[in-house]
Ligand SMILES: [Zn+2]
């Protein structure tokens, strides 16, 4: 069961997700609360940090641990705008989080009932109570807006639309992953603006550019 207090904290997590959105990151946010106080907050920073582990929950847990000066976060509640993945479930278990409240379920990666349920593993997240669905509309709308915008921007590129170097698109919606998925094909099909993106991606990986 969730209450009005929960709504207040989930709204804070949503604020974090909006910051991620503005940075061109998949908009997911998290806050950790103990006795009416936010111990730590975080938003998805995967692209910014170039770090696959930079999920909102991991960042919020790290921040909360620094606040209390202890890796144990017993008694705390984690509010996340999206159902945590397996990696984050591991962190939630490790820090002995007492309660998890998430907004939207994630059918692809959600580890608390959507894709898998880690609570079926004996002793894993055993003391954790879980609530979900709070402010799901707001969280889902933000995610949908993000992916809709990204799809339309990608469509523009495919149609040969101009993309300013260092301007809006590359910064707002980094496409490293897409380019990396098939660099040869991308290079063959690329127009100028795409090749810039490709070279930048290859350079980052220490590979020769064209
Ligand atoms: Zn995660």
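Bear in mind that the values in this text are calculations on the coordinates, not laboratory data. Just so it is clear, the model here is predicted, and its values are computed rather than measured. Cβ atoms come from the backbone with ideal geometry, glycine included; neighbour counts cover every protein chain shown.
Within the set of pairs 6 or more residues apart or between chains, which connect a residue that is within 12 Å of residue 21 (Cβ to Cβ) inside segment 142-160 to a residue that is assigned to a helix (DSSP H, G or I) with Cβ atoms less than 8 Å apart?
If the second residue must be assigned to a helix (DSSP H, G or I), the pairs left are 142/14; 142/17; 142/18; 142/21; 145/21; 146/21.
Could you give me the residue pairs with C-beta distances under 8 Å whose first residue belongs to segment 49-65 and is free of Cβ contacts under 8 Å to residues at least 12 places away in the same chain, whose second residue is surrounded by 22 or more Cβ atoms within 10 Å (Cβ to Cβ) and part of a helix (DSSP H, G or I) wherever it lies, and which are 6+ apart or on separate chains?
none
Taking residue 79 as meeting all but one of (1) part of a strand (DSSP E or B); (2) surrounded by fewer than 20 Cβ atoms within 10 Å (Cβ to Cβ), write down the number of the exception.
For residue 79, the exception is condition (2).
Please state which one of 60, 56 is within 19 Å of the chain's Cα centre (by Cα) and within 9 Å of the ligand (Cβ to nearest atom).
Going through 60, 56 in turn, the sole match is 56.
Are there any pairs with C-beta distances below 6 angstrom linking a residue in segment 93-122 that is in contact (Cβ under 8 Å) with a residue 12 or more places away in the chain and at positive phi to a residue that is surrounded by fewer than 17 Cβ atoms within 10 Å (Cβ to Cβ) and part of a loop (DSSP other than H, G, I, E, B), with the two at least 6 apart or on different chains, and if so which?
96/72; 96/74
In segment 82-99, what residues are within 12 Å of the ligand (Cβ to nearest atom) and outside any loop (DSSP other than H, G, I, E, B)?
Selection gives 82, 86, 87, 88, 89, 90, 91, 92.
Only one of these is more than 16 Å from the ligand (Cβ to nearest atom) and either farther than 23 Å from residue 15 by Cβ or surrounded by fewer than 21 Cβ atoms within 10 Å (Cβ to Cβ) (or both): 127, 105, 113. Name it.
After ruling out the rest, the residue left standing is 127.
May I ask you to list the residues in segment 1-45 that are within 16 Å of the ligand (Cβ to nearest atom), without any contact (Cβ under 8 Å) to a residue 60 or more places away in the chain and assigned to a helix (DSSP H, G or I)?
Answer for segment 1-45, where residues must be within 16 Å of the ligand (Cβ to nearest atom), without any contact (Cβ under 8 Å) to a residue 60 or more places away in the chain and assigned to a helix (DSSP H, G or I): just 20.
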